[in-house]
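Inspection log for the structure reproduced underneath, given as structure tokens.
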Amino acid sequence: MTEPLLQIRNLHASIGNKEILRGIDLDIFPGQVCAIMGPNGSGKSTLAAVLAGREDYQVTEGEIIFNGKNLLELSPEERAREGLFLAFQYPVEIPGVSTATFLKTALNELRKHRGLEPLDAMEFMSLMHERAKLVHIEPSFFSRAVNEGFSGGEKKRNEIFQLAMLEPTLAILDETDSGLDIDALRIVADGVNALRTPERAFVVITHYQRLLNYIVPDIVHVLYRGRIIKSGAKELATELEAQGYDWIKETAEAQA
Amino acid sequence: MSENVDILERLTAADYQYEYGFESQIEEEVVAPGLDENIIRLISQKKGEPDWMLQWRLQAFRYWQHMSEPHWANVRYEPIDYQAISYYAAPKKVSQARSLNEIDPELRQTFERLGIPLHEQEVLAGVAVDAVLDSVSVATTFREKLQSLGIIFCSISEAIREYPDLVRTYLGTVVPPNDNFFAALNSAVFTDGSFCYVPPGVRCPIELSTYFRINARNTGQFERTLIIADEGAYVSYLEGCTAPMRDENQLHAAVVELIALKNAEIKYSTVQNWYPGDKEGRGGIYNFVTKRGLCGGENSKISWTQVETGSAITWKYPSVILKGDNSIGEFYSVAVTNHRQQADTGTKMVHVGRNTRSRIVSKGISAGYSQNSYRGLVRVNANAENARNFSQCDSLLIGDRCGAHTFPYIEVNNPTAIVEHEATTSKIGEDIIFYCNQRGLDTETAVALIINGYAREVLSKLPMEFAVEAQKLLTISLEGSVG
Ligand SMILES: Nc1ncnc2c1ncn2[C@@H]1O[C@H](COP(=O)(O)OP(=O)(O)OP(=O)(O)O)[C@@H](O)[C@H]1O
Ligand SMILES: [Mg+2]
């Protein structure tokens, strides 16, 4: 059996005095698509932020192994260079920095880390054009400041475009589907499917079954009050869509 | 386990390393502190000035005695004791040096450490340098080459002696001695600076540059620069400056006058990197400067570009009086403040002639606990038919303890004028830094990327040789804060 790409053991994390993640165990294998669902405020974005290394959160207990390395010892940029990518729930705007310059700098940082030569301007431009097609991004976006004045849906597509450019081994998609119209949802899902490889794993955080019709998960986890309270095959998502969370909450609370 | 530390706190609290903070052991003659008519006579005599110059200074001093320090700028500082400042300091061995080879080796080394070699063969290709240490000009390079074109480029002291008619015709015509408190002070006690005259129809083929260095303690630096582009002439001029790190504040009150006659063009660029003080705000230069250009003839053009990263306090408004019909004035500025620095800077564009055009692009960057204000005036006089102005004033805040302020003043007295003003404020918060980190960029790279993107439009106006330097300097002033 292959080694997990990511192993999370008994992860506890808090912000201030408030404990938000309260003992998470999770393995993610290469090539896997893992969906994380759960009611608002259950800690999904917190888990993503802790994995990406956001300093606002204190990890009080537990460990995370990524690619055989102790993730918690790495800075956010080292995690990124090791192949961890987070598509943000709320992507920020970066004033004055064009998408092209931003991605060229980022990609060459990653390449440096992997012992590769930086791409020259020509190679980089042709790569951008090729990958932009995946998520139907117009080349006119390359010269615009990152996310500045982008519509909500454009920002989300831009996240997937960056994913396509940076080729991570683990991509975490935090509600990439929210705010997308039906056509854009398809475009994003097709883009993600085109990016699936036997090595690359995806963690897809979502509230809706609809996205999972397109990006079919290998496993679905339900997060509630900072714990994974149920895991199952893709049918679990359909059940949740039909019945809501109450039935599992009750079982979870009964067990607690 | 990660500590809950504020990233930006760490960024802006790191020890600032001012690269040029060394002090040279050069024997200097420094006159005792204090200001009265005798000191002015002494300065004038040391410089071997003609009597008219002395009288001009004394007149300025009398104006100054009846003026009071302006306090309308958005800056705070302890009162300056003008009697505690020494008004003249000069390296002892310089006054006699007639050629570059005779310069005191220690002095030469000082400028070499600053990246300003005074050997001509090593000087940046295509740049002539006038180096000013404290009160005197120590060397001017490439003079012969310029002379063959009829271009005069020398220290102002020398110009007063050698070209008195030119100096008398133009000195004080753009910034009169009684213009303002600091200009009056400068007119009374100015010690050195650069002079440049480009004759009709001549395009100056190389960049002219003055490098100002404060070295002596408890002295003020009062330099005076006068640049004249005669009809159809063109010149591009660059000014740079640094000072040692000291705990006390030092006053720098310069006056720069530019005169562009018919069809002439002057490009004036500044990379200001005076010592900004330490992170608690101790020490640093008070940079109180009056810079003004006169587009005197029709179709003339004056363009100011400034990159301001240094000084504890900056108070300066490089301005253009657009007197000639069809004349053009431009102001491109990047002003960076970090730690406890304060800057109140901007421009004045005064439209007098017909079809005059002005363009203002101001980019303020504030970090730490600093305060950064843009103050700009656009005035269109009654006879200035078809005047046009466009102003763009952007502010970038790094962290949330600094301040950015914009004070645009617009006075339009002619109905055909079109005056446009745009302003934006953006903030680099932790969210943006984290987003960049998540894409593999470390914080320093992220800040540099944002700053350079933000300042690009202004940097692109600098002479090529300096654009790269200026870009580095911007990054250093903030990255110095980034550690
Ligand atoms: N900076 C903060 N200060 C205080 N509480 C916070 C902070 N950030 C998150 N929380 C709390 O942590 C809990 C988990 O938030 P999180 O954003 O991880 O939820 P989520 O599962 O992603 O929810 P949603 O589905 O609405 O996106 C919430 O109760 C939230 O209010
Ligand atoms: Mg969330």
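The values are calculated or read from the model by the stated rules, or taken from the named source; none is laboratory data. All values derive from a computational prediction rather than experimental measurement. Because the Cβ atoms are built from the backbone with ideal geometry, glycine has one as well, and the counts that use them run over all protein chains shown. Ligands, DNA and RNA are stripped out before the accessible areas are found, and what is left, the full protein with its side chains, is counted by its heavy atoms. Shrake-Rupley method; radii C 1.70, N 1.55, O 1.52, S 1.80 Å.
Name the residue, out of B:GLY324, B:GLY329, B:GLY284, that is open to solvent by less than 10 Å² (accessible area, probe 1.4 Å), touching a Phe, Trp or Tyr at 6+ places or on another chain (Cβ under 7 Å) and of a type in the set (Gly, Ala, Ser). Break it down into steps so the answer makes sense when it comes.
Working: B:GLY324 fails: touching a Phe, Trp or Tyr at 6+ places or on another chain (Cβ under 7 Å); B:GLY329 fails: touching a Phe, Trp or Tyr at 6+ places or on another chain (Cβ under 7 Å).
Sole residue among the options that is open to solvent by less than 10 Å² (accessible area, probe 1.4 Å), touching a Phe, Trp or Tyr at 6+ places or on another chain (Cβ under 7 Å) and of a type in the set (Gly, Ala, Ser): B:GLY284.
Can you work out which of the residues in segment B:35-91 that are of a type in the set (Lys, Arg) and touching a residue at least 12 places away in the same chain (Cβ under 8 Å) is nearest to B:PHE222 (Cα to Cα)?
Taking segment B:35-91 as the starting set, the residues that turn out to be of a type in the set (Lys, Arg) are B:41, B:46-47, B:57, B:62, B:76.
Now drop any that are not touching a residue at least 12 places away in the same chain (Cβ under 8 Å), which leaves B:41, B:46-47, B:57, B:76.
Details: B:ARG41: 16, B:LYS46: 15, B:LYS47: 14, B:ARG57: 13, B:ARG76: 21 Å.
Only one residue fits best here, namely B:ARG57.
Residue count for segment B:68-93 under the criterion of being surrounded by fewer than 16 Cβ atoms within 10 Å (Cβ to Cβ) and of a type in the set (A, V, I, L, M, F, W, C): the result is 3.
Say whether the condition of being within 16 Å of ligand 2 (Cβ to nearest atom) and in contact with a Pro (Cβ under 6 Å, 6 or more places away or on another chain) is met by at least one residue in segment A:207-214.
At the first step, the residues of segment A:207-214 found to be within 16 Å of ligand 2 (Cβ to nearest atom) are A:207-208, A:211.
Going one step further and asking which of them are in contact with a Pro (Cβ under 6 Å, 6 or more places away or on another chain), we end up with none.
Within segment A:207-214, none of the residues are within 16 Å of ligand 2 (Cβ to nearest atom) and in contact with a Pro (Cβ under 6 Å, 6 or more places away or on another chain).
Taking every residue in segment A:75-90 that is more than 15 Å from A:VAL203 (Cβ to Cβ) and pairing it with any residue that is basic (Lys, Arg) and open to solvent by 30 Å² or more (accessible area, probe 1.4 Å), at least 6 positions away or on another chain, the pairs with Cβ-Cβ distances below 7 Å are A:GLU82/A:LYS69. Among the numbered conditions (1) surrounded by fewer than 20 Cβ atoms within 10 Å (Cβ to Cβ); (2) away from ligand 1 (no atom under 13 Å from the Cβ), the only one that A:GLY41 does not meet is (2). Being of a type in the set (D, E, K, R), away from chain B (no Cβ under 14 Å) and either part of a strand (DSSP E or B) or over 16 Å from the mean Cα position of the chain (by Cα) (or both): is that true of A:GLU148 here? No: the conditions fail for A:GLU148. State whether one or more residues within segment A:109-116 are within 16 Å of ligand 1 (Cβ to nearest atom), modelled with pLDDT under 95 and among the charged types (D, E, K, R). Scanning segment A:109-116, I find no residue that is within 16 Å of ligand 1 (Cβ to nearest atom), modelled with pLDDT under 95 and among the charged types (D, E, K, R), so the answer is no.
Of all residues in segment B:426-440, count the ones that are of a type outside the set (A, V, I, L, M) and part of a helix (DSSP H, G or I). Lay out the reasoning, then the answer.
Residues of segment B:426-440 that are of a type outside the set (A, V, I, L, M), as a first pass: B:426-427, B:429-431, B:434-440.
Still in the list and also part of a helix (DSSP H, G or I): B:430-431, B:434-438.
Final tally of qualifying residues: 7.
Just for segment B:330-383: of the residues that are charged (D, E, K, R) and outside any strand (DSSP E or B), which one is farthest from B:TRP72 (Cα to Cα)? Give the derivation first.
Going through segment B:330-383, the residues charged (D, E, K, R) turn out to be B:330, B:340, B:344, B:348, B:354, B:357, B:359, B:363, B:375, B:379.
Among the residues that remain, those that are also outside any strand (DSSP E or B) are: B:340, B:354.
Details: B:ARG340: 19, B:ARG354: 32 Å.
Restricting to residues being charged (D, E, K, R) and outside any strand (DSSP E or B), the top hit is B:ARG354.
In this structure, does A:PHE29 turn out to be in contact with a Gly (Cβ under 9 Å, 6 or more places away or on another chain) and more than 15 Å from ligand 1 (Cβ to nearest atom)? Step through it out loud before you land on a result.
Details: in contact with a Gly (Cβ under 9 Å, 6 or more places away or on another chain): no; more than 15 Å from ligand 1 (Cβ to nearest atom): yes.
No.
Considering only residues that are in contact with an Asp or Glu (Cβ under 9 Å, 6 or more places away or on another chain) and among the acidic types (Asp, Glu), which ones fall in segment B:249-301? Once the filter is applied, which keeps residues that are in contact with an Asp or Glu (Cβ under 9 Å, 6 or more places away or on another chain) and among the acidic types (Asp, Glu), segment B:249-301 yields B:ASP278, B:GLU298. Identify, by number, the condition in (1) within 11 Å of chain A (Cβ to nearest Cβ); (2) in contact (Cβ under 8 Å) with a residue 12 or more places away in the chain; (3) over 20 Å from B:GLN341 (Cα atoms); (4) in contact with a Leu (Cβ under 6 Å, 6 or more places away or on another chain) that B:LEU449 doesn't meet. Evaluating B:LEU449 over (1) within 11 Å of chain A (Cβ to nearest Cβ); (2) in contact (Cβ under 8 Å) with a residue 12 or more places away in the chain; (3) over 20 Å from B:GLN341 (Cα atoms); (4) in contact with a Leu (Cβ under 6 Å, 6 or more places away or on another chain) leaves (4) as the failure.
Conditions (1) closer than 28 Å to B:LEU226 by Cβ; (2) modelled with pLDDT of 95 or more; (3) more than 21 Å from the chain's Cα centre (by Cα), marked per residue:
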| position | (1), (2), (3) |
| --- | --- |
| B:THR314 | yes, no, no |
| B:ILE321 | yes, yes, no |
| B:HIS339 | no, no, no |
| B:ARG357 | yes, yes, yes |
| B:GLY376 | yes, no, no |
| B:PHE390 | no, yes, yes |
| B:SER395 | no, no, no |
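If the condition is being within 12 Å of chain B (Cβ to nearest Cβ), in a helix (DSSP H, G or I) and either within 16 Å of ligand 2 (Cβ to nearest atom) or small (Gly, Ala, Ser) (or both), then segment A:151-172 contributes A:LYS155, A:GLU159. Scan segment B:422-456 for residues that are surrounded by fewer than 17 Cβ atoms within 10 Å (Cβ to Cβ) and at pLDDT 85 or above and jot them down. Answer for segment B:422-456, where residues must be surrounded by fewer than 17 Cβ atoms within 10 Å (Cβ to Cβ) and at pLDDT 85 or above: B:GLU422, B:ALA423, B:THR424, B:THR425, B:ASP431. Evaluated against (1) within 15 Å of ligand 1 (Cβ to nearest atom); (2) surrounded by 15 or more Cβ atoms within 10 Å (Cβ to Cβ); (3) touching a residue at least 24 places away in the same chain (Cβ under 8 Å), A:ARG54 falls short on exactly one condition, (3).
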